[in-house]
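Values quoted throughout were computed directly from the atomic coordinates according to the rules given, and no laboratory measurement underlies them. It should be emphasised that the depicted structure is a prediction, and the values quoted were computed from it without experimental measurement. Heads up, the Cβs are rebuilt from the backbone with ideal geometry, glycines too, and the neighbour counts pull from every protein chain shown.
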There are 2 protein chains.
Amino acid sequence: MADHFEKANELAEALQASEEFTTLKQLHEDIESDEVAKKMLDNFRSVQMELQQKQMQGEQISEEEVQQAQKQFELVQQHEQIMKLMEEEQRMSQLVGEINKIITSPLEVLYGTEEQNG
Amino acid sequence: MADHFEKANELAEALQASEEFTTLKQLHEDIESDEVAKKMLDNFRSVQMELQQKQMQGEQISEEEVQQAQKQFELVQQHEQIMKLMEEEQRMSQLVGEINKIITSPLEVLYGTEEQNG
Ligand SMILES: [Ca+2]
Ligand SMILES: [Ca+2]
């Protein structure tokens, strides 16, 4: 196996062992085992995804849809475990972003703003 | 430094030392030092980017713009070094994609299709 794939596997293992991942996994499992919380989160996510898809396709979003999304968001905001999960997801997303920035830094040398000298 | 950042740095080093990166860097430098090739590639990329932005914003792309892009593509297709560069960029892009898939595989356990057992 090429060295970079070996290092990628080691990184995946380190990520899996991280406090960030462990916390996220626990919260995820807590909510999966709580029917009410799970349904609330699923509803929220499907409304979010629907709106995102419409936005991406350049479709108009109605006042009613905005209100529905707002209502769903107010509901999940009152649920402490769901809010914790979303915070941890945000944290994990930032972590993966930072890791990606480190990994692709060699490519920035090629595609950065600095002039390359022939 | 957290273990995952250490591993990410090691992975970046491995990527930088890879044959894929070395080849890509060399081709990039060859074209940077060739004024005609550089201009041809820059023109091609700016036309591509313009069309992509229009597509993303849901704007209509005119017949003339499609023809212009086609013409630019035919030009770069005749340039062996540019074609090689684009092939190597494609290869690097696939490699980074594979690496990302490995790294984020722990998260798939949480967000995959498999049912979690409370
Ligand atoms: Ca150079
Ligand atoms: Ca579970």
Highest GNM mean-square fluctuation among A:Q26, A:Q70, A:Q60, for chain A with Cα springs under 10 Å, belongs to A:Q60
So the angle from the long Cα axis of helix B:63-77 to the longest Cα principal axis of chain B, reported in degrees to the nearest 10, equals 80 degrees
Here, trypsin sites (Lys or Arg not before Pro) of the range A:17-112 satisfying both criteria (DSSP loop; at most 13 other Cβ within 10 Å) are none
Cα extents of chain A along the principal axes, largest first, in whole Å, come to 57, 38, 23
With T = 25 °C, eta = 0.890 mPa s and Kirkwood Rh from C-alpha pairs, the Stokes-Einstein D of the protein assembly as shown in µm²/s is about 114 µm²/s
Rounded to two decimals, the Rg over Rh value of the range B:28-92 from Cα coordinates and the Kirkwood Rh reads 1.02
To the nearest 10 degrees, the tilt of helix B:35-56 (Cα long axis) against the first principal axis of the alpha carbons of chain B is 70 degrees
Relative contact order in percent for the range B:22-111 (Cα pairs under 8 Å, 6+ apart) equals 36 percent
Total charge of the residues flanking B:G58 in space, meaning their Cβ is under 14 Å from its Cβ, with Lys and Arg +1 and Asp and Glu -1, is 0
From the cross-link list A:K39/A:K84; A:K7/A:K101; B:K54/B:K101; A:K7/B:K25, the entries with a Cα-Cα span beyond 26 Å are B:K54/B:K101
Karplus-derived 3J(HN,Hα) from phi for the range A:18-28 (6.51 cos²θ - 1.76 cosθ + 1.60, θ = phi - 60°), whole Hz, x at Gly and Pro, runs 6, 4, 4, 5, 4, 4, 4, 4, 5, 4, 4
If one compares the long axis through the Cα atoms of helix A:3-17 with the longest principal axis of the Cα atoms of chain A, the angle in degrees, nearest 10, works out at 40 degrees
Mean-square fluctuation maximum in Gaussian network of chain B, Cα pairs under 10 Å, restricted to B:A37, B:A69, B:A14, hits B:A14
